[in-house]
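**Q** Got a structure for you, written out below as C-alpha cells; questions coming shortly.
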Amino acid sequence: MLLLTPVPASAKIDRLAVVGRHNPSVRSFDPLSPFTVGNGEFAFTADVTGLQSFPEPYQKGIPLSTQSQWGWHSFPNPEGYSLEQTLRFHDAGGRSVAYAAEQAGPAGQWLRADPHRLNLGRIGFRITGPNGSEVTAEDLTEIRQTLELRSGTLFSDFRVQGETVSVETACHPDQDGIAARFRSPLLKSGRLSVAFDFPYGSAAWGGDGADWSSPEKHASEIILQDGRSARIRRVLDADTYFVAIRWGNGGVFSRTGPHSFRLSAPGRKGFSFVCGFSDGRAKRFLPHADQVLEASRKAWEKFWKTGGAVDFSGSRDPRSAELERRMVLSRYLTAVQCAGSMPPQETGLACNSWFGKFHLEMHWWHAAHFAFWGRPDLLEKSLDWYERILPSARRTAEAQGYNGVRWPKMTGPDGRESPSEIGVYLIWQQPHPIYFAELIYRSNPSKSVLEKYRGIVSATADFMASYCRLDSATGKCNLGPPLIPAQEIHPPDSTSNPGFELAYWAWGLRTAQAWRERLGLERKGEWDKVLHGLPGLPVKDGLIQNAETAMTTFADPGQRRDHPSMLGAFGMLPGFDPVHGTGGAAVDTSAMVRTLERVLSYWDWESAWGWDFPLAAMTAARCGRPDLAVKALLMDTPKNRYLVNGHNHQTGRLPLYLPGNGGLLAAVAMMARGWDGAPAIPAPGFPKDGKWKVKVEGLVPMP
C-alpha cells in the first residue's frame, strides 16, 4: 500500500510562474539546441525559423527530424535473416543456453538495423532573394526564438535581407501533426514558401533517420487535392503512411520533385497551414492552424497545473536556479519525448540512436518519474506494449529453458531482441514491469489494477525465479553466469551475483508475492525459495561491490568506470528487507555511505552516463546525506551537462540522452517529497543548512 510520509503544508506554488522563469531561447543557430514541439506520440524538431528550413547547421549536433511512435521502416530481407543465425551458446550450470550475441555478421547487422525509426518528412521555409537565388542560414539576422513552455508554442522571429518573418509553431496534443502561423512581406512577394520533402529510411545508427540520396526506392503520390488541402501517400518498400496538409485562403500547392512539394501564398501578408501524419488506421478531421495552437495552449496549461510541482525560488543556494531550470525543462522534454504508447528510444522522438530502437533497461529512467510527479497516466500509456509482446517474451524464455517471460533489451515495436554482444546478457530490465505495475497500484490501489497487470507481474516473477540457480554446496540461489550487469564492463561467462541485480530480484519477487496476497492467492513456494536463498550484497573491506566476481575495492581504475550500479541497491531501490522475507542481508547503511563517498571521489565520471548522477543522488538521500545528494545531482562533468533546450548532452554521437532527464526528475521528486520510511520532515533529501527552500505540491513518495 502507499505509505505517505506526512509533511507540513507549504504555501501554494504559482506553477505557471515557475514554468515561465525557464522558457528557453536562442539568438543564433545553436546546433545543440533546436527546440521540439510534440505530444508523446509525435514530435517535430525545428531550427531558428520555427520549421526545418536549414538542417545543415544541426547535422553535427542534434539533427532536425519528424518522428512518431508508429513511424518505422524495414528494408527487404531477401536473404531471410533470422535471429537463429545470431545465436551463441553458453554454459548455464551445465545447460547450454542460446543468446543472440553474434551481432557482427550479416544477419546480426540486418536485425540490429531493422526495423528502424523513420524520419517522416522535412517541413521548412524556402526563401529566395530578389534575384531568385535561395538564401542561406548566414543570411538570417536578428534571430529571436523562444519556446513558451506554458503553451507548448515556439515563437520565432528573424530578418532576411531586411525583411521580417514571424512564426508560431505548435503540435496538436492529440493528433500527429503541427501547425504554423506566420507573417512576412516576403510571403506577399512570393519569396517565401513552405517546402515539404520526404526521405527514404536510413540504416545509420544515429542521425535524423533519413536517407535523402535514394529517391528511386520510395514513392510519394498525391491521392487527393483541392483548393485548401492535399493528401499524400508515402510508400517505402512494404511500409505505407499518409501526409495530410491543410492551408488557409490563397494557398497554392504544387509538386516540385519526386518527393518534394511546395505551398505558397502570393499576395498575402500572413498565412498558416497544418500538416498531419498517419499510418492510415486513424482518420481524423484535420483542424485549422488556429485550432491547433489553441488546443496546444489548453493542453500544456492543464499539464503544468496538474500532477506535482516543485518551486526553489526562495532558496539561497546558488545551485538552486540551475536545478529548477533542469527540472522544468526535463518535465517538458519527457512529456514530449517519453510519454507515448511504447517505451522511448534514448533520444526520444528527436533523432535516432541505435537505429531508433528502445532499450528496456532504460524504461525506468525514462518514465518511472511520471508516477512520482503525480502523473501515473503518462507511465501507464506505455505499459500495454508489454502485454502485446508477451508471446514473444515467453518464446524467448522457453527457448532458453526458463519459465515465464524474458523481456528483450534493445527492441522495436514487435518486441524482437536485437543481436548484441552486451545487451542480450543484461537482466536488470526484467523486474521493471513489476516496479511499474506497483507504481500504478500505489496511485490506484484497486482490484481492477491488480487484475489488469497480474499476468505481467506473475510471468515476470516466474522467469526471475527460474533464472536463479541453486548452488547445492552453499544453499544459495545465484544470478549467473552468464550475465552482464548494469555496469557493462564485465564478461558474461565469469560474472555472477551483481549487487544491484540481487537487490532488484529480491524487491521484485517480494512485490510479486504481495500482489498474490492482495488478490487472495497463496504465496508461490518457488518464489519464496529463491527469496530466502539469495546471497547478500557483495562486500569487500567494508565497501559494496558491483559484482561478487569483481571484488576490487576500487583499486583497479578499470573497474571504476561506466555505471556505479552498486549504488542502486539503496537508492533507486529500498534495499534488501529480511523482515519481510526477502532473505539476504539488509543494506549496511554505513557501508553504503563509505561506498558512495569513495565513488564520488574516485569514479571516472567522464565514462559514466547521464542517469548515474541522479542514481548517486538518490543513494545519498536514503543514506541521510542530502549534501552529497545535491553534489551528485549537479556534478560539473561533461555528461551531466544540460543544454539550452534542456537536453542532457553526452557525446557527439549521442547529443541528447533522455534517461538523464527522467533520472533527474525521479531524484528531485524523491529528495523533495521523500520515500517510504523517510524522515517526516519537509524535503528530506535536501540540505538543512538554511539555503534551500523547497515548496512541494502533488508529489508521491518513492517506494
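Read-outs throughout are calculated quantities, based only on the coordinates presented, and are distinct from any laboratory measurement. Computed from a prediction, not measured in an experiment: that's the story for all the values here. So basically every Cβ, Gly included, is an ideal-geometry build from the backbone, and we count neighbours across all protein chains shown.
**Q** Using a Cα-Cα cut-off of under 19 Å, which aspartates and glutamates could be cross-linked to Lys691, ignoring same-chain neighbours fewer than 8 residues away?
**A** Straight-line reach from Lys691, under 19 Å: Asp311, Asp317, Glu322, Glu324, Asp627.
**Q** Treating the angle as unsigned and between 0 and 90°, give the value, to the nearest 10°, between the Cα long axis of helix 432-443 and the longest Cα principal axis of the chain.
**A** So the helix axis and the longest Cα principal axis differ by about 80 degrees.
**Q** Ranking Val668, Val328 by Cβ neighbours within 10 Å, fewest first, what do you get?
**A** Numbers: Val668 31, Val328 22.
In order of increasing Cβ crowding within 10 Å: Val328, Val668.
**Q** With a sphere of radius 15 Å drawn around the Cβ of Trp212, what net charge do the other residues whose Cβ falls strictly inside it have (Lys, Arg +1; Asp, Glu -1)? Could the numbers behind the result be given before it?
**A** Working: positive: Arg122, Lys217, Arg234; negative: Glu56, Asp197, Asp208, Asp211, Glu216.
Spelling it out: positives minus negatives among the neighbours equals -2.
**Q** Would you mind calculating the gained length between Val235 and Glu138 on full extension (0.36 nm times residue separation, minus the Cα-Cα distance), in nm to one decimal? Can you show the working numbers first?
**A** Details: separation 97, 0.36 × 97 = 34.92 nm, distance 3.53 nm.
My answer for the length gained is 31.4 nm.
**Q** Given the pairs Lys476/Lys540; Lys381/Lys631; Lys60/Lys357; Lys12/Lys302; Lys409/Lys529; Lys639/Lys688, which span a C-alpha to C-alpha distance of over 24 angstrom in this model?
**A** Among Lys476/Lys540; Lys381/Lys631; Lys60/Lys357; Lys12/Lys302; Lys409/Lys529; Lys639/Lys688, the Cα-Cα distance tops 24 Å for Lys381/Lys631; Lys409/Lys529; Lys639/Lys688.
**Q** Given the C-alpha centroids of segment 126-180 and segment 636-685, what is the distance between them in whole angstrom?
**A** Answer, in whole Å: 31.
**Q** Please give the contour-minus-distance gain from Lys305 to Gln161: 0.36 nm per residue of separation, less the Cα-Cα distance, rounded to one decimal in nm.
**A** On the way: separation 144, 0.36 × 144 = 51.84 nm, distance 4.21 nm.
So the extension gain works out to 47.6 nm.
**Q** Can you list the cysteines of the chain that have no other Cys Cβ under 4.7 Å away?
**A** When partners are defined as cysteine Cβ atoms under 4.7 Å apart, the chain leaves Cys171, Cys275, Cys338, Cys351, Cys623 without one.
**Q** For the charge dipole of segment 163-286, defined by +1 on Lys and Arg C-beta atoms and -1 on Asp and Glu C-beta atoms about the Cα centroid, which residue among Gly201, His218, Phe271 has the Cα displaced farthest towards the positive pole?
**A** Checked the options; the winner is Phe271.
**Q** Another question, then. For segment 298-444, compute the orientation-averaged projected area of the C-alpha convex hull (one quarter of its surface), in nm². Write down the numbers at each step before the final one.
**A** Working: hull surface 43.6 nm².
That works out to 10.9 nm², a quarter of the Cα hull's surface.
**Q** Right, next: Give me the lysines in straight-line cross-link reach of Lys188: C-alpha distance below 23 Å, same-chain residues under 8 apart excluded.
**A** Correct list for Lys188: Lys269.
**Q** Largest first, please: the extent of the C-alpha atoms of the chain along each principal axis, to the nearest Å.
**A** Rounded to whole Å, the extents work out to 85, 66, 50 Å.
**Q** Can you give the FRET efficiency to the nearest 0.05 for Ile681 and Thr637, using r as the Cβ-Cβ distance and R₀ = 35 Å? It would help to have the intermediate numbers written out before the result.
**A** Values: r = 30 Å, r/R0 = 0.86.
Efficiency computed from Cβ-Cβ geometry: 0.70.
**Q** Quick one: putting +1 on the C-beta of Lys and Arg, -1 on the C-beta of Asp and Glu, what dipole do you get for the chain around its Cα centre, in Debye to the nearest 20?
**A** Numbers: 77 positive and 72 negative charges, 400 e Å.
Roughly 1920 debye, rounded to the nearest 20.
**Q** Follow-up. Between segment 311-384 and segment 39-59, what's the alpha-carbon centroid distance in Å?
**A** Their Cα centres are 20 Å away from one another.
**Q** Bin by bin, in steps of 5 Å, what percent of the Cα pairs in segment 659-703 do you find, going until the bin that has the longest distance?
**A** 5, 24, 29, 24, 13, 4, 0
**Q** For segment 377-526, just say rounded, prolate or oblate: build the C-alpha gyration tensor, square-root its eigenvalues into a ≥ b ≥ c, call rounded for a/c under 1.5, and beyond that prolate if a/b exceeds b/c, oblate if not. Working shown, then result.
**A** Details: a/c = 1.86, a/b = 1.29, b/c = 1.44.
Cα axes put segment 377-526 in the oblate bin.
**Q** With a 10 Å Cβ neighbour count serving as the proxy for reagent exposure, in which order, fewest first, do Tyr332, Tyr602 appear? Before the final figure, lay out each step's value.
**A** Details: Tyr332 27, Tyr602 12.
Sorted ascending by nearby Cβ count, the order is Tyr602, Tyr332.
**Q** Right, next: Within 10 Å of each residue's Cβ, count the other Cβ atoms and sort Glu56, Glu168 from fewest upward.
**A** Working: Glu56 13, Glu168 20.
Least crowded to most crowded, the residues run Glu56, Glu168.
**Q** Work out the charge dipole of the chain with +1 on the Cβ of Lys and Arg and -1 on the Cβ of Asp and Glu about the Cα centre, then indicate which of Ala547, Met670, Cys171 is farthest towards its positive end.
**A** Cys171
**Q** In addition: Just want to confirm a number: the relative contact order over segment 74-131, from Cα pairs under 8 angstrom separated by 6+ residues, in percent. Intermediate results must be reported in sequence, preceding the final value.
**A** Values: 48 pairs, mean separation 18.2, N = 58.
For segment 74-131, the relative contact order is 31 percent.
**Q** What is the gain in length, in nm to one decimal, between Asp414 and Ser446 on full extension, counting 0.36 nm per residue of separation less the C-alpha to C-alpha distance? Intermediate values should be presented prior to the final figure.
**A** On the way: separation 32, 0.36 × 32 = 11.52 nm, distance 3.03 nm.
Between Asp414 and Ser446, full extension yields 8.5 nm more.
**Q** Where Lys and Arg each count +1 and Asp and Glu each count -1, what net charge lies around Glu517 among other residues with Cβ under 14 Å from its Cβ?
**A** Working: positive: Lys447, Arg454, Arg510, Arg516, Arg518, Arg523, Lys524; negative: Glu438, Glu522, Asp528.
Every neighbour counted, the sum reads +4.
**Q** Considering Cα pairs under 8 angstrom that are at least six residues apart, work out the relative contact order of the chain and quote it in whole percent. Don't skip to the end; give the middle numbers.
**A** Numbers: 1631 pairs, mean separation 103.0, N = 703.
Computed over the chain, the figure is 15 percent.
**Q** Can you show me the helix-derived [θ] at 222 nm for the chain, built from DSSP H runs with n ≥ 4 at -39,500 (n - 2.57) apiece and divided by the number of residues, rounded to the nearest 500. Write down the numbers at each step before the final one.
**A** On the way: 17 runs with 194 residues, N = 703.
It lands at -8500 deg cm²/dmol.
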